[in-house]
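Notes for the one structure printed next.
Bear in mind these aren't lab numbers, they're just calculated from the coordinates by the rules spelled out. What you see is a predicted model, and the numbers here were worked out from it, not measured in a lab. Neighbour counts run over all protein chains shown; Cβ positions are idealised from the backbone, glycine included.
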Amino acid sequence: MITHPCLHPSLSKPSLSFLSSSSPPFLQHLSFLPTSPSVTKPVFVHSVKPLHVKCSSTNPTSQSHPDHAPPISTLKIAIIGFGNYGQFLAKTLVSQGHIVLAHSRSDYSHVAKKLGVSFFLNPHDLCEQHPEVILLCTSIISTEQVLKTLPLQRLKRSTLFVDVLSVKEFARNLLLDALPLDFDIICSHPMFGPQSAKQSWKDLFFVYEKVRIGNESSRVQRCEQFLEIFQSEGCKMVEMSCQEHDKLAAGSQFMTHTVGRVLDMLGLESTPINTKGYETLLDLVENTCRDSFDLYYGLFLYNKSALEMVERLDLAFDALRNELFGRLHHVVRKQFFENGEKVKSVHDSSYQNGAASAFSSNALRSQDVTIPYEFKGKILESVDDSSKLKVAIVGFGNFGQFLAKTLARQGHSVLAYSRTDYRDAAQKLGVSFFSDANDLCEEHPEVILLCTSILSTEKVLKSLPFQRLKRSTLFVDVLSVKEFPRNLFLQHLPPEFDILCTHPMFGPESGKNGWNELPFVFDKVRIGNDERRVARCNSFLDIFAREGCRMVEMTCAEHDWHAAGSQFITHTMGRVLEKLQLESTPINTKGYETLLNLVENTAGDSFDLYYGLFMYNVNAMEQLERMDFAFESLKKQLFGRLHGVLRKELFGDSEKLEVLQEKSVRKNGAALSSSPESVKIS
């Protein structure tokens, strides 16, 4: 059972800021903990000063292919960590003609042989080959341990070390701390992987900092030769400090992975009525869930800006919920207290409606997923006279005008009515505009097309003079929720009127380049048996079919079930991210571009539309609660792992001593004078 947040105040969530307070000395080495107290910041993400980054790119001399002409000067490169990413880089290195060696704890000798790579199980054997470059392709969490196990004494003193980790300050400090002073260091981040770069590396970001390069010309030249590997493949080369990288990456890469993992926990699935925005979310989930949790945890643990992003995402989600429930609370108050004599009847009807909604929701969950019905329209360049309709658009705002363009182009007679005077816009589109609803209805349109907002639909519908219309008029809505208008039509329209509930799942932005393959959902709620009325309904549907729309017939209840899991989730995530004020960075990943596009698309819609999706879809509340639960679960995963790290720091030695004492007791058969409890921290 889902409680009503506006009527049942919930306990405030514990702040995450306790992790940002001053920490004891033994925790100072954890890079996400600052050394001074921080002040709670507003929801806005970036207050970043202008970055001075050096960007360059070049057209690739050739694509990654075994027939590459070898570079002017080859490098001997040893890849440490020959998993998926190491193998991914090795393919290009070999194709460019470089000598590639590899070492990994797992035996990848068969894979290495296929790639033309010399594999070494023993790091001593590899280091004795004196590679010019050591390329660390280990996971974030294992890098320190792997680095400590390398026999550095067997390498040449001027060896160049390069890492490709997704966090840079941690890698930089680790390399400076672990490597002898005469070793060169480049910290790099190829912001792509096997999935995002499976076609090519062209125009993908490669971020780097020359942390320490010797003055000798040979060492400077070797550094440039290594960078040329990526530049020759068409990468956008971005030189910036490790600190600047991590600040930007916390707002882009970590946020992208966080959103992807939250959505993955929701178990999102493709529906018969996917919107473009929902498709991008599904793609984001697919791309991020392929990465291990260790990678995500490493992004959190070793980027000191990541914790702040978690807190801000938490605040943004709470702010959006408060906005929704604040509006809902106002509606409830108005409903209960505007007219004192209606309080009891409203309470009783609310109880009955709630029970009915619960029954409807449970019944719907037991149904199988609907197989979409494909409406076969006539794909013609123009409409023949017998199929032309007289369509009256009620509500001539952006969406009404958007539909009117296509209707007029197809040769239909289009009328329009709106409370706002759109006479000039209508004239440009070839539409007859009426400022009086009586005048419009006296023209006897065959179809009344309601393009009002969700919140105003009931009021507008009640204001229409039905008596001036023909008794067989077809009423059509285009709202983003369907059970609400269906019930509204059935309640207020005379029984002789036809009803068609539709949802064009696109708008002026997503449909600006045509409607081909965009979903159009419809439910023939009530269509008379008369042949002419059936033909009129089909003629209206043909308007969208002939534009190439994917016609999907399903019930209004089924639509709302799918839409709550797709459209409402898409808008919710877009609005949460909008509150974070995400900005484009010099190192955007493809996933982060997806989030920015999502924000741009959803922010263009009014809050009234979003509130309508929430208020008038019985399934929306459950989806909101599921999203909240998913985010809380992800935080528990992160902080649960973090708790293990802190516990090891605090109690590791004590627990080891307890184990030794217990073994000693069992071995000697007598208790020691000091019991295990005596070593516990009180």
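For this structure, a couple of remarks:
- With 20 Å as the limit on Cα-Cα distance, the pairs of Lys168/Lys236; Lys236/Lys512; Lys202/Lys304; Lys148/Lys635; Lys91/Lys202; Lys247/Lys304 that go past it are Lys236/Lys512; Lys202/Lys304; Lys148/Lys635.
- Summarising the label geometry, the points placed 7 Å from Cα in the beta-carbon direction at Lys428 and Ser218 lie 7.1 nm from one another.
- Stokes-Einstein diffusion for region 54-239 at 37 °C, viscosity 0.692 mPa s, with a Kirkwood radius from C-alpha pairs, works out to 199 µm²/s.
- Projected area averaged over orientations for region 373-553, convex hull of C-alpha atoms, nm²: 9.5
- For region 150-238, the share of alpha carbon pairs falling in successive 5 Å distance bins from zero is 3, 13, 23, 21, 19, 12, 7, 2 percent.
- Low-density loop positions, trypsin sites (Lys or Arg not before Pro), region 100-135 - DSSP coil, at most 16 other Cβ in 10 Å: Arg105
- Counted over region 373-553, the DSSP beta bridges are approximately 25% antiparallel.
- Considering region 473-546, its Cα convex hull presents a mean projected area of 5.2 nm².
- Filtered trypsin sites (Lys or Arg not before Pro), region 471-575: DSSP coil and at most 14 other beta carbons within 10 Å: Arg471, Lys512
- Taking 4 °C and 1.567 mPa s as conditions, region 233-324 diffuses translationally at an estimated 86 µm²/s according to Stokes-Einstein applied to its Kirkwood radius (Cα pairs).
- Gained length - Glu279 relative to Phe639, 0.36 nm times residue gap less alpha-carbon distance: 126.5 nm
- Estimated FRET transfer efficiency (Arg409, Arg157; beta-carbon r; R0 51 Å; 0.05): 0.10
- Estimated FRET transfer efficiency (His444, Ser606; beta-carbon r; R0 41 Å; 0.05): 0.80
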